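Right, one structure below, let's go through it.
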């Protein structure tokens, strides 16, 4: 059987699945994830979001948790984790720069050539980091998140993990995106190429985004994936998104003068925006 068929059969067997076979399938999947030949989600031009979920990959990752044994993992501090969830090591030939100081990349994550990881940061299993991407200090790239090439994930930014439910689309950040510091991009968010997400912006699958340039409100759409909760928010290519506020117009909130935080598209990326974001090249 193919790896996909094997994993689906093991998942279907539930707790009665053979542990040795399940671990072997997981290890094969982990190696394929690290090589970038298998992904938890991949581009699909026929999809409304431009991406499709590979449910069986997430199922395979979950097999590693179910059938893993707890072992000691000496790595500076005394860690313990499932023996199937090892930490990745990179030879010099990989041209991946991981600066010392409290960072970890879990096995089963794809890290392309030229990626830079500033301490402390964390990349979880199933994640995909494209060539030349920078993960800055205190940043998180969650399970199965798909990060494109030449993306800058700034300090303390949180890219959410979406491992369960298996049918849910993971967080997608496409090529040449700038993710500002203290930004949160969580389940159901798709950031298209060359967008700029300003510091402190929060985006989820239930967030409305107010596009001042085009005079429209971007609302999440239903994912159309069985078993997947909520919707999917797609930030357009080149959009510059900043934190904003929307006045409360009903109830006591109106008389109290309250407002709610909401993201706002204030412009679309131009030569001036590109010039400012190119400053990051000096630290590479």
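The values are calculated or read from the model by the stated rules, or taken from the named source; none is laboratory data. Keep in mind the model is a prediction, meaning the values are calculated, not measured. Here the Cβ is made from the backbone with ideal geometry for all residues, glycine too, and neighbour counts use every protein chain on show.
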- Of the residues in region 37-58, how many are more than 15 Å from the chain's Cα centre (by Cα), closer than 24 Å to residue 83 by Cβ and in a loop (DSSP other than H, G, I, E, B)? 2
- Out of (1) modelled with pLDDT of 95 or more; (2) buried (at least 22 other Cβ atoms within 10 Å of the Cβ), the odd one out for residue 162 is which? (1)
- Out of (1) crowded, with 17+ Cβ neighbours inside 10 Å; (2) modelled with pLDDT of 95 or more; (3) closer than 28 Å to residue 188 by Cβ, the odd one out for residue 49 is which? (2)
- Message: Every residue in region 87-113 that is touching a residue at least 40 places away in the same chain (Cβ under 8 Å) and either more than 27 Å from residue 59 (Cα to Cα) or in a loop (DSSP other than H, G, I, E, B) (or both), please.
- Response: 88, 107, 108, 109, 112
- Query: Residues of region 1-36 being part of a loop (DSSP other than H, G, I, E, B) and within 23 Å of residue 145 (Cβ to Cβ), which ones?
  - Reply: 36
- Would you confirm whether any residue within region 3-22 is in contact (Cβ under 8 Å) with a residue 40 or more places away in the chain, out of contact with any strand residue (DSSP E or B) (no Cβ under 9 Å at 6 or more places or on another chain) and exposed (fewer than 15 other Cβ atoms within 10 Å of the Cβ)? yes
- Message: Regarding region 98-121, can at least one residue be identified that is under 13 Å from the mean Cα position of the chain (by Cα) and within 22 Å of residue 205 (Cα to Cα)?
- Response: no
- Query: Yes or no: residue 88 farther than 18 Å from residue 40 by Cβ, touching a helix residue (DSSP H, G or I) at 6+ places or on another chain (Cβ under 9 Å) and surrounded by fewer than 20 Cβ atoms within 10 Å (Cβ to Cβ)?
  - Reply: no
- Task: Residue by residue through region 114-126, note down the ones that are under 14 Å from residue 153 (Cα atoms) and free of Cβ contacts under 8 Å to residues at least 60 places away in the same chain.
- Result: 115, 117, 118, 119, 120, 121, 122, 123
- Query: So which of 230, 251, 257, 238 is modelled with pLDDT under 95, surrounded by 15 or more Cβ atoms within 10 Å (Cβ to Cβ) and more than 19 Å from residue 155 (Cβ to Cβ)?
  - Reply: 230
